[in-house]
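*Asks:* The structure under discussion is supplied below as structure tokens; questions concerning it will follow.
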Amino acid sequence: MPILEFPPVEEADEHGLLAVGGDLHVSSLLLAYSNGIFPWPHEGYPMLWFAPAERAILDFDDFHIPSRLARYLKKVNYTFHINTDFAAVIHACRTSVRKRQQGTWITPEIEAAYTALHEAGHAHSFEARTPDGELVGGMYGVMIGRAFSGESMFFRAPHASKFIIVETVAYFRRHGMTWFDIEVMTPHMALFGAKEVPRATFMRRLKQAIAEPSIPLPPPRRRRIPHSALFS
């Protein structure tokens, strides 16, 4: 049964944990993101929902591209795409090997749930491809109004994920957006000027962004995904 209500985010504990249990129905996820909450599965526990006291965001006024990276990106021949293969992007995020990380929070249930959220028009993928069409990097996240929460990314070629950040920010800026949520700070995003803001500040900005009209994004490409692919 879809979740009907979450506790106020101010009731989260010192680790940001707000609620335990529930499902990943499309309406449950939309309710969570609309209220500044995101799921973060931990092995051996029911579904856990978080609303950290400090929220990491990428504010476009602070956005910068390191000079060395800027020089490199001028030489690459990646092309930028949106929503051409969400299923491939989230599956690659789930199966990518990450340094200093044991396993991944993207469980088979998360993969299936966000694929359903994509097909409902609320989750989107941003992709880097080579000239011959090979997918070499991707990021996916959730958009409600003009509030975007980046969830995860992967790369299979040098700096492909950084290319996606640069191009995604440029696309968002062209359509009037001024920031997006990255939930938890990472060194990767700190390079671009990401920062942490108090939860109250984040919630105020979130509500404003949700109330704004959505930006144009390509519609989801629906396709039949073999059951074995989702749970392999």
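The values are calculated or read from the model by the stated rules, or taken from the named source; none is laboratory data. Please read these numbers as outputs of a predicted model, since none were measured by experiment. Ideal geometry is used to build each Cβ from the backbone, glycine not excepted, and the neighbour counts take in all protein chains shown. The protein model used for the area step is the full one, side chains on, heavy atoms only, and it has no ligands, DNA or RNA in it. Shrake-Rupley method; radii C 1.70, N 1.55, O 1.52, S 1.80 Å.
*Asks:* Looking only at the range 19-42, how many residues end up being assigned to a helix (DSSP H, G or I), open to solvent by 20 Å² or more (accessible area, probe 1.4 Å) and hydrophobic (A, V, I, L, M, F, W, C)?
*Replies:* Looking only at that region, the number is 3.
*Asks:* Test Leu117 against the criterion of being closer than 13 Å to Pro220 by Cβ and crowded, with 16+ Cβ neighbours inside 10 Å, and give yes or no.
*Replies:* Yes.
*Asks:* Further question: If you go through the range 74-95, how many residues are outside any loop (DSSP other than H, G, I, E, B), of a type in the set (Ser, Thr, Tyr) and in contact (Cβ under 8 Å) with a residue 12 or more places away in the chain?
*Replies:* Count: 1.
*Asks:* Checking Leu191 against (1) within 25 Å of Asp85 (Cα to Cα); (2) touching a Pro at 6+ places or on another chain (Cβ under 7 Å): exactly one of these is not met. Which one?
*Replies:* For Leu191, the exception is condition (1).
*Asks:* Taking the range 172-209, which residues are more than 18 Å from Phe50 (Cβ to Cβ), open to solvent by 60 Å² or more (accessible area, probe 1.4 Å), part of a helix (DSSP H, G or I) and not basic (Lys, Arg)?
*Replies:* Once the filter is applied, which keeps residues that are more than 18 Å from Phe50 (Cβ to Cβ), open to solvent by 60 Å² or more (accessible area, probe 1.4 Å), part of a helix (DSSP H, G or I) and not basic (Lys, Arg), the range 172-209 yields Pro187, Gln208.
*Asks:* List the pairs whose first member sits in the range 60-73 and is of a type outside the set (Val, Ile, Thr), whose second member is assigned to a helix (DSSP H, G or I), and whose Cβ atoms are under 8 Å apart, counting only residues at least 6 apart or on separate chains?
*Replies:* Phe60/Val169; Phe60/Phe172; Phe60/Arg173; Phe63/Val169; Leu69/Lys162; Leu73/Lys162; Leu73/Phe163; Leu73/Val166
*Asks:* Among the residues of the range 137-171, what is the count of those that are surrounded by 21 or more Cβ atoms within 10 Å (Cβ to Cβ) and β-branched (Val, Ile, Thr)?
*Replies:* 4
*Asks:* Cβ-Cβ below 7 Å, separation at least six or inter-chain, first residue in the range 27-40 and within 17 Å of Ala116 (Cβ to Cβ), second in a helix (DSSP H, G or I) and among the small types (Gly, Ala, Ser): which pairs?
*Replies:* Leu29/Ala113; Phe38/Ala32; Pro39/Ala32
*Asks:* Could you say whether any residue in the range 150-170 is in contact with a Phe, Trp or Tyr (Cβ under 6 Å, 6 or more places away or on another chain), more than 24 Å from Ile110 (Cα to Cα), in a helix (DSSP H, G or I) and aromatic (Phe, Trp, Tyr)?
*Replies:* Within the range 150-170 (the criterion being in contact with a Phe, Trp or Tyr (Cβ under 6 Å, 6 or more places away or on another chain), more than 24 Å from Ile110 (Cα to Cα), in a helix (DSSP H, G or I) and aromatic (Phe, Trp, Tyr)), the answer is yes, since at least one residue qualifies.
*Asks:* Looking at Arg55, Arg68, can you tell me which residue is open to solvent by 30 Å² or more (accessible area, probe 1.4 Å) and either of a type outside the set (A, V, I, L, M, F, W, C) or over 20 Å from Arg146 (Cβ atoms) (or both)?
*Replies:* When all the criteria are applied, what remains is Arg68.
*Asks:* Taking Ile106 as meeting all but one of (1) open to solvent by less than 30 Å² (accessible area, probe 1.4 Å); (2) outside any loop (DSSP other than H, G, I, E, B), write down the number of the exception.
*Replies:* Unmet condition: (2).
*Asks:* On to the next question. Inspect the range 72-79 for any residue being more than 26 Å from Ser214 (Cα to Cα) and in contact with a strand residue (DSSP E or B) (Cβ under 6 Å, 6 or more places away or on another chain) and give the result as yes or no.
*Replies:* yes
*Asks:* Would you say Glu54 is in contact (Cβ under 8 Å) with a residue 12 or more places away in the chain and more than 26 Å from Ala112 (Cα to Cα)?
*Replies:* Criteria met by Glu54.
*Asks:* Another question about this same structure. Let me confirm something: among Asp61, Asp13, which residue is closer than 20 Å to Asp181 by Cβ, acidic (Asp, Glu), outside any helix (DSSP H, G or I) and at pLDDT 95 or above?
*Replies:* Criteria check complete, one pass: Asp61.
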